[in-house]
Structures are given as C-alpha cells and as structure tokens.
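**Student:** One structure, pasted below without further comment.
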Amino acid sequence: MGDGRRGDVTDRATAGFRQRYDAEPAGRWAAPGRVNLIGEHTDYNDGFVLPFALPLRTVVAAAPGPDGRWTVWSELDDEPVEFGAEKADDPGRVDGWAAYVAGVVWALRAAGLDVPGARLAIASDVPVGSGLSSSAAIESAVLAALVDLGALDLPTERWPRLAQRAENDYVGAPTGIMDQSAVIRGLQGHALFLDCRTEEVEQIPFDPAAAGLAVLVVDSRAPHRHADGEYAARRKSCERAAATLGVAALRDVPTADLDAALARLDDDETRRRVRHVVTEDQRVLDTVALLRAGRVREIGPLLTASHASMRDDFEITVPEVDTAVEAALAAGAHGARMTGGGFGGCVLALVDADAADTVADAVAAAYAERGLAAPGTLTVQPAGGVTRL
Ligand code: GAF
C-alpha cells in the first residue's frame with residue numbers, strides 16, 4: 001500500500017540527513033500513522049474514539065542547527081525548506097508539507113518553550129492523502145525531536161494538544177485531537193480508548209491475531225473531494241446543533257434522549273448529523289465493552305453500523321469506499337467501515353485471519369468490475385506510538 005519507496009524508512013531519513021547536511025544526525029525519532037477502529041467525527045464533539053497506531057512510520061533524523069532557524073528536508077521534495085522565527089511565528093507563512101513542521105515550532109514557541117534551531121530530514125512509509133494521519137505522524141515525530149534536542153520540559157500528556165494546535169492554528173485545518181493522540185499515545189497490542197473531553201485514556205487490549213482475526217486496511221484510492229471544506233462544514237453543523245440544544249457539545253446528548261433532542265431541531269440534515277454523532281459515541285462504548293470482555297469478533301456489526309451511519313446520516317463516504325465495504329462484507333468480513341475524516345481514504349475490515357487474502361481479492365475484483373483503480377491492501381496490528389529510535 002506504500003508509494004513504492006524502497007528501503008528501510010530509518011535508513012532513508014538518515015541517508016537524507018547525511019546527504020543534505022554533510023553531517024551525522026544527533027538522533028532519530030519515529031511516529032506512526034493510525035487507523036480509527038471506531039468513533040468518527042466524535043472527537044471535536046467532545047466524545048469518544050478508539051484508534052490504534054500502525055506499524056507504518058515517519059522517521060525524522062535531526063540535529064541542532066543555527067539558533068533560531070530550522071531547515072527541513074523531506075523525501076517528498078528535492079529542495080529543503082528553511083525558515084526562522086519570523087515565519088514560524090506567523091501562521092500560514094510556511095506552506096505545503098513543511099507547514100506541519102513550522103506549525104510544531106510555532107505551537108512550542110506559543111507555549112513559551114525555547115525551541116532549539118535544528119536541521120531535520122524526514123522519510124515516511126505512511127502514505128500521504130490516504131487518511132492514515134501522515135500529517136499527525138510528521139507533527140509528532142518533529143515534536144519529539146525538538147523536545148529532545150532542546151531538553152524541553154514538556155510532559156508527553158501535553159504533546160497531543162500542542163500537535164493539534166499546530167494543525168488547527170498554523171496549518172489551518174480544524175481537526176480534533178484523535179489523530180495526534182493515537183500517534184503519540186498508541187501502545188502495541190492495544191487500541192486507545194480516548195475521552196476527547198477529559199483526554200483520559202484507557203489502553204484496551206486489541207490483538208486480532210490471538211482471536212484468529214485480522215484487520216484488513218484497504219486504501220480506496222479515492223481522490224479527496226472537497227474534504228477540507230466538507231469537514232469544516234460538518235464540524236460547524238455539529239456546533240450549531242449543540243448550541244440549539246443548549247449543551248456544550250453533542251457528547252452531552254445521552255443516547256436515551258436522542259429522539260427528544262432530534263425533535264427540537266428543525267431541519268432534517270442537522271438531525272442526521274446529530275444522530276450520527278450520538279449513535280457513534282454509543283458504538284464506541286459498546287465496542288470497548290465487547291473488547292474488554294474479549295469478544296473481538298462481535299464488534300463486527302458495530303463497525304458496519306458505523307459505516308452506514310457515516311454514509312446515510314453524516315454523508316461523508318464516497319462510492320469507492322462504499323464499494324470496498326460492500327465487497328468486503330459480501331466476501332465474509334465480520335464488519336467493515338471507512339476510517340478517518342471521509343470523502344475517500346481507507347476502509348478497515350475485520351476478517352478471519354485465513355480469509356484476509358480472499359477478502360482483499362474480492363475488493364480488488366469489485367473495483368475492477370467498476371473500472372476503478374486497484375485498491376491497496378494491508379493487514380495491520382496495533383503498534384506503538386512516537387518514540388526515539
Ligand atoms: C480527521 C481528523 F483529523 C480527526 O480529528 C477526526 O475528526 C477524524 O477526521 C474523523 O473522526 O482524521
């Protein structure tokens with residue numbers, strides 16, 4: 001499912017550093033991509049999510065650089081990008097992929113920390129634009145590198161908010177806190193049950209292989225269509241609905257009160273948006289309860305219900321992801337859903353381990369029948385979060 005780059009990602013980052021800067025890096029820091037098992041568009045509604053970190057990683061090789069200046073090279077680009085405090089302190093002045101780096105510098109400086117100048121080289125196995133949080137992976141690996149290089153006093157619990165601020169306030173994407181939390185706090189063999197209001201976390205053991213299962217991730221290859229504008233529109237609509245209902249966030253609408261709440265809203269579209277968020281929060285809680293009881297296979301129908309809710313109520317799926325979900329289910333998946341912000345990206349399916357290839361082939365066949373570009377597929381296990389290598 002990668003983009004065809006060859007060789008180990010750590011070696012690529014290291015070689016990139018040596019080549020660019022003619023020096024040895026002081027260290028290497030790695031951050032994973034993520035998938036979300038369930039709980040979509042609930043994070044910015046102060047609700048619940050259950051993502052896990054992927055074995056695909058972004059690696060940053062870095063060393064201290066001239067004071068107050070940052071130079072960053074990525075294998076996405078031939079030329080490095082250089083900026084100083086004047087650009088880092090002015091959200092939007094650095095753009096493209098380097099904005100995620102400048103955004104982290106900005107967020108750290110805005111938190112009053114003395115960010116060291118640095119030289120960085122970035123390589124990544126997390127595909128860009130597939131909804132696997134390549135941006136949170138860059139932010140988190142860079143954050144870890146700068147914190148270490150500057151010996152900054154910043155407990156890890158604060159990292160997700162800072163990385164999110166980089167994305168919200170420097171890059172300008174109004175995302176929630178799920179992706180950065182998964183990438184920073186992910187733990188091998190576990191899904192991260194996160195209360196996005198309190199940031200309280202419970203690591204839920206999630207070992208599909210031990211249950212004879214696998215999580216198949218399918219890259220729909222659907223181009224992101226108007227994803228940014230539509231994401232922001234969904235968020236606004238949820239915030240307006242919460243205000244109408246007189247609650248701080250949609251998380252405060254209990255499932256038992258959903259019908260009464262819907263009756264107080266005056267348009268159908270908003271009712272559907274609210275119904276998605278409230279029922280999705282409940283599906284996260286139900287999934288967690290099943291996983292705590294070791295009933296992994298039984299989460300399948302909740303995953304599929306989540307997809308239907310995203311398709312019919314939140315209206316964030318596209319034909320490619322619907323095709324992948326339908327084909328996976330028809331081929332025997334226990335459950336399947338789009339994962340991530342929507343309008344393209346990836347689908348995950350819970351399958352019997354020995355049926356993973358059959359399901360992947362069935363999805364590929366359904367794509368071929370509709371004349372769609374072949375999807376990428378990968379089976380994944382929950383991996384660990386950001387780390388110094
Ligand atoms: C994107 C956002 F970055 C997350 O914060 C979250 O809202 C997700 O879409 C939808 O659940 O990944």
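**Student:** Just to be sure I understand, how many residues within segment 106-146 are more than 16 Å from the ligand (Cβ to nearest atom), buried (at least 20 other Cβ atoms within 10 Å of the Cβ) and farther than 24 Å from Q19 by Cα?
**Tutor:** So the answer is 3.
**Student:** Still on this model: Are there any pairs with C-beta distances below 6 angstrom linking a residue in segment 164-179 that is aromatic (F, W, Y) and in a helix (DSSP H, G or I) to a residue that is open to solvent by less than 40 Å² (accessible area, probe 1.4 Å) and more than 12 Å from the ligand (Cβ to nearest atom), with the two at least 6 apart or on different chains, and if so which?
**Tutor:** Y170/G103; Y170/W106
**Student:** Of all residues in segment 158-192, which are within 11 Å of the ligand (Cβ to nearest atom), open to solvent by 10 Å² or more (accessible area, probe 1.4 Å) and of a type in the set (G, A, S)?
**Tutor:** A173
**Student:** Quick one: G27 ticks every box in (1) within 16 Å of the ligand (Cβ to nearest atom); (2) open to solvent by less than 20 Å² (accessible area, probe 1.4 Å); (3) under 24 Å from Q188 (Cα atoms) except a single one, so which number is it?
**Tutor:** Failing condition for G27: (1).
**Student:** Looking only at segment 206-248, filter to residues that are in contact with a Ser or Thr (Cβ under 9 Å, 6 or more places away or on another chain) and without any contact (Cβ under 8 Å) to a residue 60 or more places away in the chain; which one of those is nearest to the ligand (Cβ to nearest atom)?
**Tutor:** Restricting to residues being in contact with a Ser or Thr (Cβ under 9 Å, 6 or more places away or on another chain) and without any contact (Cβ under 8 Å) to a residue 60 or more places away in the chain, the top hit is S237.
**Student:** Using the structure shown, decide if R12 is touching a residue at least 24 places away in the same chain (Cβ under 8 Å) and open to solvent by 20 Å² or more (accessible area, probe 1.4 Å). Can you show your working first?
**Tutor:** On the way: touching a residue at least 24 places away in the same chain (Cβ under 8 Å): yes; open to solvent by 20 Å² or more (accessible area, probe 1.4 Å): yes.
So R12 passes the test.
**Student:** List the number of the failed condition for P51; all other conditions in (1) touching a strand residue (DSSP E or B) at 6+ places or on another chain (Cβ under 6 Å); (2) open to solvent by 10 Å² or more (accessible area, probe 1.4 Å) hold.
**Tutor:** Here P51 meets the rest and fails (2).
The values are calculated or read from the model by the stated rules, or taken from the named source; none is laboratory data. All values reported here derive from a predicted model rather than from experimental measurement. Positions of Cβ are generated from backbone atoms using ideal geometry, with glycine treated the same way; all protein chains shown enter the neighbour counts. Please note that ligands, DNA and RNA were not included when accessible areas were found on the heavy atoms of the full protein model with its side chains. Shrake-Rupley method; radii C 1.70, N 1.55, O 1.52, S 1.80 Å.
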